[in-house]
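The block underneath contains the structure these notes are about, expressed in structure tokens.
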């Protein structure tokens, strides 16, 4: 099992913010933000949850001359994922063998670890092997394997800006958020044209995580894209080719909209997560107002998390997509009674974006990556339940990082997901995004 997704929103009362009052320093003590977040709760190894029924997707070191297929199977870790095995990075191997020296030779069956001259050496994907069953026969090297449980996909838990809370049951491309509002244009004083943005999310992969985001400004022709392949933002302006983004300001020719890249690929503490922040502004000429911020946490070759913060409560009326769902549309829900309570489920077919990633506005490189990530699997809510002991363990772990009384729905989602194979990083990730400012 690789990872599961949780999407939630915190809705708070808010006074209107001046252009910079609620900017990237957190605002004043009397002003708060309306926030909607998609957070993938990362599943990894954790000895503190050894009672979970399902093992987690992670890198392991097999014994000498043992294939990855045998290692994953014999240790009840699921099956070997060949693509993830061959995609092991130096950071992944460093985690498994701290202090190892990285080789530059032509060893077969990489990635692997071996001893040479009294040192632990690490070799990454040199041979680009695609067979999990291969073993290293000629010398006592140890294979690095990625094992994952098969047949279970996580489901994003969504709480919209309007207060709706439900579980998404589909993978694919979806309109996660959009915004459209009439704004006077300095170049057309007699008209009030509609301006806005659309944020598309690609939910894919064995663990049903967010693998890509596409931010579109139809008026200016500017697009920004990020995928979990390398966590790098790319920019396209009208007919120009895609390029790497910079800390920069991207403005429409008539000055009515802008995308201001405030933070880009900054390392989040001691983790492998890279953080970016984009400010979306709209107005007339020099009178630009802050509309929202998009904050992204991305772990290369794994998944990404994102949060949209609205600066003015009144602007929520102009929000659409999954984050604009109203809580009173009950006829679109299905219900499942589980040990953790009654779950509302939706297919969100009205928000599914038809077409390919490229036709929607994304890059060919992003489309190629996302195509490789799409896999089929059963819904997480159709997987096995958890025992009383497992639920007690999950509650204890979630309580270490989340306050049940402050964030009851997020806490319930955390308990449910830990009962179905997650580990403590679920709660850690949720807590990090709940405390994340829009800076």
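Observations on the model:
- For the listed peptides 389-398, 300-309, a ranking on the average number of other beta carbons within 10 Å per residue, highest first, reads 300-309, 389-398.
- Protection-proxy order for peptides 255-266, 210-221, each taking the mean of Cβ atoms within 10 Å per residue, highest first: 210-221, 255-266
- Using the Cα coordinates of the stretch 248-338, the gyration tensor eigenvalues translate into equivalent-ellipsoid semi-axes of 28, 25, 9 Å, sorted from longest to shortest.
- Two-site FRET efficiency, residue 268 against residue 399, from Cβ-Cβ distance with R₀ of 35 Å, rounded to 0.05: 0.90
- Mean Cβ neighbour count within 10 Å, used as a protection proxy, ranking 138-146, 85-93, 290-298 highest first: 290-298, 138-146, 85-93
- Once the Cβ-Cβ distance of residue 409 and residue 332 is raised to the sixth power relative to R0 = 25 Å, the FRET efficiency obtained is 0.85.
- Once you divide the Cα radius of gyration of the stretch 172-314 by 2.2 N^0.38 Å, the number left is 1.08.
Laboratory data are not the source of any read-out in this text; all were calculated from the coordinates shown. All values reported here derive from a predicted model rather than from experimental measurement. Neighbour counts run over all protein chains shown; Cβ positions are idealised from the backbone, glycine included.
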